[in-house]
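The values are calculated or read from the model by the stated rules, or taken from the named source; none is laboratory data. Fair warning: this is a prediction, and the values are worked out from it, not measured in the lab. Virtual Cβ from ideal backbone geometry, glycine too; neighbours counted across all protein chains shown. Surface accessibility is based on the protein's heavy atoms, side chains included, excluding ligands, DNA and RNA. Shrake-Rupley method; radii C 1.70, N 1.55, O 1.52, S 1.80 Å.
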Amino acid sequence: EYTFRCRCGAHGNGHELAGGQKTIRCDLCENWSHVACQRGGRASNLHPKAEFYCDGCSTQRSKAVAPSRNRQATSKKKMAPLETRLIAGKGALARLGKYWYPVRLIQSHVAASLPVGAHDRTRWQVVWWCGCKFPSSIGSPPSDVAQGDLMDELWQDRTKRREIRLGEWVHSWDTPREEDLIQNFMSAPVSKELDVMLQPHIASLQRLLDSPDLNQDEAERYPVMDFIIRSKKKPDGVGAYSIPFCGDISSREYAKIARWFSDNIPGAPSQVQKWLGGMPLVHAFTLVVAHRKAGEFKKRAQAQNEEWHDSELLRMAWADLMISYPTDSFVADVDLECLVVLEARMFEDSKEAGAAGNQQWGLDAGQHHRQWNPYLNNPNEWVLGREYSESEYGVRYLLPAQ
């Protein structure tokens, strides 16, 4: 067993969490993480002797920044070949049918079943952006994509951009941020993992919603109730108790658990003010933490020669919830990070971007999916001002239908 603590939220035993992906160890804390989850692909193609520091240990954390107004034009700079620009941890465009959609590159591999020199022998494992709006005729997109069906942002490449018809997706700037997720929890995806964890406890969660009265006899079953009794907290105007603890549960996970609670506990949708941030939902947090960290808690109890039983598991889960975790322990949306950087390069209109930045995508290939306008509401900081000719918008020649 080795300690795995990736910024994507995978924490625990590395043998279980690596998921077949390439991993890297921090030279300071010695925790392992996915190569493809590091910002901007910074952990890809490192020299074997190069040092690597995770986000939590690095004093020079790289951030995704908006295009600078002070950059100089580099239109004559020769770009490296596409195959060398595609690296794990970066955003790219992948072809699905006629259209191209954003993905995060995970790792490449060579298809051994194909002959040497075959066009599609190099393939990439990818994660498609969750905001892609695929045509209804297409099922689930493949997680394995031929390198020939991948493109990066095609920086300064006006000709190639004009050949690419974009599929529709939710832009990074239109994607809800952390602060919006909890209030809009019904937009969170349904989680089968939470079904496994929480379905056996529906009756106890229902009891806390329907009868929120405090009972010392039940406090052992409900650590959150014991906390309220001991701290002498007062209910609010609707008779609920506001509990501020969520441990290392991220905003996205918070929203998923709230969505599960609303979908599965009878009467929950009409009583959101009684359980969102209150005793019933926080008990669900306790159950989730208990399930995920049971092995860790049991080892800790055994090391201290403490008796092990279910109530002890819940007590330790509750104690874990009450810990104020540092910001770095929260889960990063690695897919959104990739999309922000990819879109900034795709849609920047500046001197450095040149004519390629002037809304060139698909001009010679035809309409984007469902006549989508990918430039609508582009962030102002991506439009930096440039002298250009109206002729740049013209269709030079139409490519044959794909």
For segment 1-52, which GluC sites (Glu not before Pro) are both in a DSSP coil and crowded by at most 12 other Cβ atoms within 10 Å?
GLU1, GLU30, GLU51
For n ≥ 4 DSSP H runs only, could you compute -39500 (n - 2.57) per run for the chain, divide by its residues and tell me the 222 nm figure to the nearest 500?
-7500 deg cm²/dmol
Would you mind classifying segment 123-263 by shape? Square roots of the alpha carbon gyration tensor eigenvalues, ordered a ≥ b ≥ c; an a/c under 1.5 is rounded, otherwise it is prolate if a/b is larger than b/c and oblate if not.
prolate
Taking all protein chains as present, what is the carbon and sulfur share of the accessible area of the chain, in % to the nearest whole number, probe 1.4 Å?
50
Past 27 Å, Cα to Cα, is the threshold; run LYS133/LYS160; LYS233/LYS298; LYS192/LYS274; LYS274/LYS299; LYS90/LYS293; LYS49/LYS299 against it and keep the listed order.
LYS233/LYS298; LYS274/LYS299; LYS90/LYS293; LYS49/LYS299
Structure-derived percent of Cα pairs over 41 Å apart - corresponding label in (i) 28; (ii) 15; (iii) 20:
(i)
Select from segment 214-258 those trypsin sites (Lys or Arg not before Pro) which occupy a DSSP coil region and have at most 16 other Cβ atoms within 10 Å, ordered by residue number.
ARG221, LYS232, LYS233
Give me the 1.4 Å probe accessible area per residue for the chain, excluding ligands and nucleic acids, in Å².
53
Suppose every K and R has +1 on its Cβ and every D and E has -1 on its Cβ; what is the size of the dipole of the chain about the Cα centre, in Debye to the nearest 20?
1260
For the chain, return all DSSP H helices satisfying: extent of Cα atoms along own axis at least 18 Å; mean Kyte-Doolittle hydropathy at least 1.0.
279-292, 334-347
Qualifying GluC sites (Glu not before Pro) in segment 243-331, DSSP loop, other Cβ atoms within 10 Å at most 13:
GLU306, GLU307
Within the under-15-Å Cβ sphere about ASP27, not counting ASP27, Lys/Arg +1 and Asp/Glu -1 give a net charge of +1
First measure r as the distance between the Cβ atoms of ILE202 and ALA294, then evaluate 1/(1 + (r/R0)^6) with R0 = 22 Å and state the FRET efficiency to the nearest 0.05.
0.65
